[in-house]
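Student: Here it is: the structure, laid out below.
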Amino acid sequence: MPGQSGKTVFVFPGQGSQWPGMGADLMTTSPVFRDHILACEQALAPHVDWSLTDVLTTPEGATSLERVDVVQPALFAVMTGLARLWQSLGIEPDAVIGHSQGEIAAAYSAGALTLNDAAQLVALRSKALTALAGTGTMAAIHATPGNLDDLLPDTVTVAAVNGPATTIVAGPDDAITALLDDCEQRQIKTRRIEVDYASHSPAIDTIADHITTAATGIQPQPTSTAMYSTVTGQPINGTELNSRYWYDNIRNTVHFHPTITHLATNGHTTYIETSP
């Protein structure tokens, strides 16, 4: 915030922060937010058969948030709209970071992707994920990845490291269920995540061609705001955000906690989560 020491970071989360009616009030009270949502709707239009404003402002449209090919583009629009709103109030980020699909929003906000390129990427990539519906699931476990080494079956992978003792795992539903039962017996806290596919796992390999095709034609540029990658845990200059990067972004482990730690050790003290 103005007057505070240290650097500010905009944090763009992954899927899961959505709720029916998100952004609806701001559509009527904030011209900055509304104009951005309308721009996103126009950018998404060539790639989707639904209306962003309907999804955000009508009960009928909100029901489609259960679809991955709707919720991810909708979250992209709302998150980047909230970032624009913060900026209109004088809050500028010194750096941005994204978690999983939130990296698309982070890349746009950092200036590495145009709105049209980001809209294409989030729309087509989320469509590709629909092929995995019903093939897996994910869960949060209150433990470090190291503490899980002896518990994880071969079919379950570490999908994300979210905190000092918060690990997300992904895999087939039966394997995740067995793992959670094992954790319960060991008095390890767990929470099943309400998704029916296993991102950040080998399941993504089955749609690899579709994921890379989603990024066809995009032209990443050098960032105008520093971006820290949760794929590598390091700063990224923007030009390497090619189709291979966006495949790794959804296939590999999300190194969220290590990247936040990197930011903190480099003087970043204020974190604004730009999510609904």
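Student: Over all alpha-carbon pairs in the range 7-123, figure out the percentage whose distance exceeds 19 Å.
Tutor: Working: 2752 of 6786 pairs.
Counting every Cα pair in the range 7-123, those more than 19 Å apart make up 41 percent.
Student: Could you check what % of the DSSP bridge pairs in the chain are antiparallel, to the nearest 5? It would help to have the intermediate numbers written out before the result.
Tutor: Working: 16 of 29 bridges.
Antiparallel bridges: around 55 percent, rounded to the nearest 5.
Student: Further question on the same structure: Relative contact order, percent, of the range 24-133 when contacts are C-alpha pairs under 8 Å separated by at least 6 residues?
Tutor: For the range 24-133, the relative contact order is 31 percent.
Student: Quick one: angle between helix 31-44 and the longest Cα principal axis of the chain, in degrees between 0 and 90, rounded to 10, please.
Tutor: Between the helix axis and the principal axis of the chain, the angle is about 70 degrees.
Student: Now a separate question. Which percent of Cα-Cα pairs in the range 137-195 sits in each 5 Å bin, short to long?
Tutor: 5, 21, 38, 28, 9, 0
Student: At 222 nm, what helix-only mean residue ellipticity would the chain give, in deg cm²/dmol to the nearest 500, using -39500 (n - 2.57) for each DSSP H run of four or more?
Tutor: Estimated from H runs of four or more residues: -12000 deg cm²/dmol.
Student: For the chain, what does the relative contact order come out to in percent, with C-alpha contacts under 8 Å and a separation of six or more?
Tutor: For the chain, the relative contact order is 26 percent.
Student: While we're here: Give me the percent relative contact order of the range 137-195, please, defined on Cα pairs under 8 angstrom at least 6 residues apart.
Tutor: Relative contact order comes out at 47 percent.
Student: Let me ask something else about it. Provide the net charge surrounding PRO73, with neighbours chosen by a C-beta distance below 11 Å and charges set as Lys +1, Arg +1, Asp -1, Glu -1.
Tutor: That works out to +1.
Student: On the first, second and third principal axes, largest extent first, how far apart are the outermost C-alpha atoms of the range 44-92 in Å?
Tutor: Here the Cα extents, ordered largest to smallest, are 35, 23, 15 Å.
Student: Which ³J(HN,Hα) values in Hz, rounded to whole numbers, follow from the phi angles of the range 180-192 under the Karplus curve 6.51 cos²θ - 1.76 cosθ + 1.60, where θ = phi - 60° and Gly and Pro get x?
Tutor: Using θ = phi - 60°, the values come out as 5, 5, 5, 5, 4, 5, 8, 6, 9, 5, 9, 8, 6 Hz.
Student: Once you have the Cα-Cα distance between THR270 and ASP248, take 0.36 nm times their residue separation minus that, and quote the gain in nm to one decimal.
Tutor: 5.1 nm
Student: So, R0 is 22 Å and r is the distance between the beta-carbons of ASP209 and THR135; what FRET efficiency does that work out to, to 0.05?
Tutor: 0.85
Student: About the Cα centre of the range 137-195, what is the dipole size in debye to 20, counting +1 per Lys and Arg Cβ and -1 per Asp and Glu Cβ, all else neutral?
Tutor: I would put it at about 300 debye.
Student: Then there is this: Please give the helix 256-265 orientation as an angle from the longest Cα principal axis of the chain, in degrees from 0 to 90, rounded to the nearest 10.
Tutor: Orientation of helix 256-265: about 60 degrees from the principal axis.
Student: Given Cβ point charges of +1 (Lys, Arg) and -1 (Asp, Glu) and nothing else, what value in debye, to the nearest 20, does the dipole of the range 85-201 about its Cα centre take?
Tutor: 240
Student: Can you give the net charge of the other residues whose Cβ lies under 9 Å from the Cβ of PRO220, counting K and R as +1 and D and E as -1?
Tutor: My count for the surroundings of PRO220 gives -2.
Student: Follow-up question, since we're still on this one. Can you give the local net charge around TRP50? Use residues other than it whose beta-carbon is closer than 13 angstrom to its beta-carbon, Lys and Arg +1, Asp and Glu -1.
Tutor: -4
Student: Okay, moving on. What is the fewest-to-most order of SER88, SER109, SER17 by other Cβ atoms lying within 10 Å of their Cβ?
Tutor: Going from sparsest to densest Cβ surroundings: SER88, SER17, SER109.
Student: Return the FRET efficiency for the residue pair LEU151, GLU194: r is the Cβ-Cβ distance, R0 is 22 Å, and the value is rounded to the nearest 0.05. Write down the numbers at each step before the final one.
Tutor: Numbers: r = 22 Å, r/R0 = 1.01.
It comes to 0.50.
Student: In what sequence do HIS257, HIS99 fall when counting other Cβ within 10 Å, fewest first? Could you put the intermediate results ahead of the total?
Tutor: Details: HIS257 19, HIS99 25.
Least crowded to most crowded, the residues run HIS257, HIS99.
Student: Over the chain, what lengths in whole Å, largest first, do the semi-axes of the equivalent ellipsoid take, defined as the square roots of 5 times the eigenvalues of the alpha-carbon gyration tensor?
Tutor: One finds semi-axes of 29, 23, 18 Å for the chain.
Student: With label points built 7 Å along Cα→Cβ from the Cα atoms of ALA178 and SER64, find their separation and express it in nm.
Tutor: Rounded to a tenth, the inter-label distance reads 3.9 nm.
Student: Starting from the Cα coordinates of the range 114-214, work out the convex hull volume and express it per residue in Å³. Intermediate values should be presented prior to the final figure.
Tutor: Values: hull volume 10.8 nm³, N = 101.
Hull volume over Cα atoms, normalised by residue count, gives 107 Å³.
Every number in this text was worked out from the coordinates using simple rules, so none of it is lab data. Owing to the predicted nature of the structure, the values given are computational and were not obtained by experimental measurement. Every residue, glycine among them, receives a Cβ derived from its backbone with ideal geometry; neighbour counts consider all protein chains shown.
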